[in-house]
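The values are calculated or read from the model by the stated rules, or taken from the named source; none is laboratory data. All values derive from a computational prediction rather than experimental measurement. Every residue, glycine as well, gets a Cβ built from its backbone with ideal geometry; the counts of neighbours run over all protein chains shown.
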Amino acid sequence: MNVLLVGSGAREHALAWKLRQSPKLTGLFVAPGNAGTAAIAANLDLKAADLDGVCRTARDHRVDLVIVGPEQPLADGLVDRLAVQGIAAFGPAQAAARIESSKAFAKDLIRRHNIPTAAFATFMSRLDARNYVLGLADAPVVKADGLAAGKGAIVCDTRDEALRAVDTLMADEALGAAGRTVVIEEKLAGREVSAHAFTDGVAVAPMPFACDYKRARDGDQGPNTGGMGAYSPPAWLDEPTERFIHQHITEATVQALFQEGAPFRGCLYPGLMVTDAGPRALEFNCRFGDPEAQVILPRLKSDLLEICWAVANNRLGDVAIEWSTDACVGVVLASGGYPDDYETGFPISGLAAVEPGVLVFHAGTALADDGSVATAGGRVLTVVATAPTLADARARAYRNVQHIHFSRCHYRRDIAAPAQNAIQ
Ligand SMILES: Nc1ncnc2c1ncn2[C@@H]1O[C@H](COP(=O)(O)OP(=O)(O)O)[C@@H](O)[C@H]1O
Ligand SMILES: [Mg+2]
């Protein structure tokens, strides 16, 4: 089978690495990929945003299945365009991708279907939004409706801060069209966890849970980033809570989309808060998390290509999926300054010194003419280690981080630190 993978992050490198293990795979193309995918696949000079280019290339290379990594091409309707041409895809059609591309749509949908979430109201008028904030007893979370690359949710400590957030999004249009509609949400307290599931729109196969770290610095300090590390599984999550999430959030949402005429095919990833009153959905993503994919996929024992093909062809129920009980820890190495300004073009050394079995997934990397690898983005690499226990996986990941060097490298020291994974 020929596969075209769309995207260029460490998530896509992890997907490419796992797809490579499939005996069913013949050609693997990545658009545009990075220096890591170049070593195991054919990178194409094609941006993920170039939907026409992706469709044309899929035809030209006789691609059987397109696997879409990032959310933007899904929100823009890439899968619908491929379908018109008879090309199978792993990833939702535009109507189902709205679960991520419109927070107002997602919240309305799950409210209609009684799926547990934070209380909320949606506004298209700034005055109405301000009046609502003034009437609240507590400071809320203010969210842009549309895609905002992780910058669209403003967790407020005071109502004044919430008023400013409303103004930033709706008057200053700091996020453009994404913030013209806002969702104002009850602020919840608890622990966050990422649920992922394969689904063909009807059958649902949950993946192991994972936790990510959004803030730039240790102790959850500093600005939000795309994600600085992750681990799986979270020992603090008990089985009844896991079952509740599968049944009442993930499966219920798949059913809701199906019933409303927008069946979801691909990876559905609800972001959750586990509160004292039980789990609540904070948001839904329509693709794998990055960095969650980097710690989930190494635990997959089954053939990823077979699963993706089954999802695209409404046959997920026929596939048995097995997971390793090993723990997995991923530490992101970023460019100094990220998520704000940073420099690129620094040579990366030590990649070959990493222990066998430890995975280094590339994100912002580029290959020089002489074959050497240099930094080319904010998040540069994810170093991933597995082991029977989380503590051992963590020690192994950090031991190998020490082998890799590039100028102004920054990473968090507290990914999967014992205190954060404690059972409370
Ligand atoms: N209702 C809420 N209560 C408390 N924190 C929240 C709430 N909603 C979101 N957050 C925090 O904001 C982060 C980002 O919000 P999210 O809805 O996931 O949007 P996005 O990932 O699109 O930025 C969450 O990971 C969580 O830490
Ligand atoms: Mg989120």
Residue match in the stretch 285-301 (condition: within 13 Å of ligand 1 (Cβ to nearest atom) and either in a strand (DSSP E or B) or among the basic types (Lys, Arg) (or both)): yes
Selection status of Gln85, modelled with pLDDT of 95 or more and either out of contact with any Asp or Glu (no Cβ under 6 Å at 6 or more places or on another chain) or surrounded by 22 or more Cβ atoms within 10 Å (Cβ to Cβ) (or both): yes
Any hit, the stretch 188-195, residues being surrounded by fewer than 22 Cβ atoms within 10 Å (Cβ to Cβ), touching a Lys or Arg at 6+ places or on another chain (Cβ under 7 Å) and at pLDDT 95 or above: yes
Among the residues listed as Ala14, Ala121, Ala31, Ala89, the single one being part of a strand (DSSP E or B), touching a Leu at 6+ places or on another chain (Cβ under 8 Å) and under 27 Å from Thr253 (Cα atoms): Ala89
Residue in the stretch 242-259 that is surrounded by fewer than 24 Cβ atoms within 10 Å (Cβ to Cβ) and under 18 Å from Thr325 (Cα atoms) present: yes
Output for the stretch 107-118, where each listed residue is in contact with a strand residue (DSSP E or B) (Cβ under 7 Å, 6 or more places away or on another chain) and not in a helix (DSSP H, G or I): Ile115, Pro116, Thr117, Ala118
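Sort through Arg217, Arg243 and tell me the only one that's charged (D, E, K, R) and either in contact (Cβ under 8 Å) with a residue 12 or more places away in the chain or assigned by TED's automatic domain parsing to the domain that holds Gly150 (or both).
The unique qualifying residue is Arg217.
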Hey, Ala230 in a helix (DSSP H, G or I) and among the aliphatic types (A, V, I, L, M) or not: no
Single residue of the stretch 206-227 satisfying the filter (outside any strand (DSSP E or B) and within 16 Å of ligand 2 (Cβ to nearest atom)) that is nearest to Asp341 (Cα to Cα): Thr225
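What are the residues in the stretch 276-295 that are in contact with a Pro (Cβ under 9 Å, 6 or more places away or on another chain) and more than 16 Å from ligand 2 (Cβ to nearest atom), if any?
Those that are in contact with a Pro (Cβ under 9 Å, 6 or more places away or on another chain) and more than 16 Å from ligand 2 (Cβ to nearest atom): Ala277, Gly278, Val295.
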Qualifying position, being in contact with a Lys or Arg (Cβ under 7 Å, 6 or more places away or on another chain) and of a type in the set (Ser, Thr, Tyr), among Ser302, Ser324: Ser324
